[in-house]
1. So what J values fall out for region 159-166 if you push phi through Karplus, 6.51 cos²θ - 1.76 cosθ + 1.60 with θ = phi - 60°, rounded to Hz, Gly and Pro as x?
2. If you take every DSSP beta bridge whose two residues both sit in region 5-165, what share of them, in percent to the nearest 5, is antiparallel?
3. Which order results if Phe149, Phe108, Phe124 are arranged by neighbouring Cβ count within 10 Å, fewest first?
4. Can you give me the distance in nm between label points at Ser72 and Arg155, each placed 7 Å from the Cα along the Cα-to-Cβ direction?
5. Return Glu97, Glu3 ranked ascending by Cβ neighbour count within 10 Å, so the fewest neighbours appear first.
6. I'd like to verify something in the chain: which complete DSSP H helices, judged by Cα projection on the helix axis, reach 18 Å or more and average at least -1.0 on the Kyte-Doolittle scale?
7. Give the calculated FRET efficiency between Arg64 and Asp165 to the nearest 0.05, with a Förster radius of 25 Å applied to their Cβ-Cβ distance.
8. Hey, what did region 47-168 get for relative contact order, percent, Cα under 8 Å, at least 6 apart?
Amino acid sequence: MAESIRIITTGGTFDKLYDPITGELTFRESQLPAILAQSRCSVDVKLEGPLAIDSLYMNDDQRREVAKLCLSSPQRMVVVVHGTDTMVETAKVVLSERGADDGHVIVFTGAMVPFSLQGSDAVFNLGCAQTAVQLLGPGVYICMSGRIFEADKVRKDRSRGVFIDIQS
């Protein structure tokens with residue numbers, strides 16, 4: 001039997017819904033079940049949603065909680081759905097708390113446009129992350145827009161809305 005993938009959702013743009021009363025993007029429930037059904041995902045997935053927060057408001061304690069969830073996961077393969085604004089910071093916390101002998105493969109992903117809006121990149125990014133987590137070796141990675149980056153060698157280029165390689 002194939003291994004399960006744990007998907008930990010923390011909120012972020014990926015899971016936001018348009019509220020027609022207030023005109024704001026808000027959190028209600030995770031969009032992951034709908035995305036997995038729509039994409040006809042055949043991999044066994046264990047969903048965990050400890051947070052529904054815009055990553056700009058995430059604090060250090062919450063980042064450590066994400067790290068704890070990743071590193072204590074009974075599943076070796078972990079995908080973290082996270083807001084793109086501070087995804088790199090949280091991934092670096094996970095990387096710093098990860099032991100040298102830890103066998104987890106942890107892939108962060110998110111979306112620039114919410115799943116609930118036309119033109120979203122959420123489904124593509126989640127699919128890429130689910131494939132990446134099955135193919136990569138142990139470590140912490142970011143998977144966005146069809147590219148995979150090591151967690152400590154990437155940054156978000158806010159002027160272009162893409163993730164780019166950096167030298168560590």
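Bear in mind these aren't lab numbers, they're just calculated from the coordinates by the rules spelled out. Since the structure is predicted, the reported quantities are computational estimates derived from the model, not experimental observations. Don't worry about glycine lacking a Cβ; one is built from the backbone with ideal geometry, like all the others, and counts go over all protein chains shown.
1. 5, 10, x, 9, 9, 9, 5, 9
2. Working: 11 of 30 bridges.
For region 5-165, the DSSP antiparallel bridge percentage is about 35.
3. Neighbour counts put them in this order, fewest first: Phe124, Phe149, Phe108.
4. Label-label distance for Ser72 and Arg155, simple model: 3.4 nm.
5. Glu3, Glu97
6. Values: long enough: 122-135 (20 Å, 1.08).
Helices meeting the criterion: 122-135.
7. According to the calculation, E is roughly 0.40.
8. Details: 196 pairs, mean separation 26.4, N = 122.
Normalised by residue count, the contact order of region 47-168 is 22 percent.
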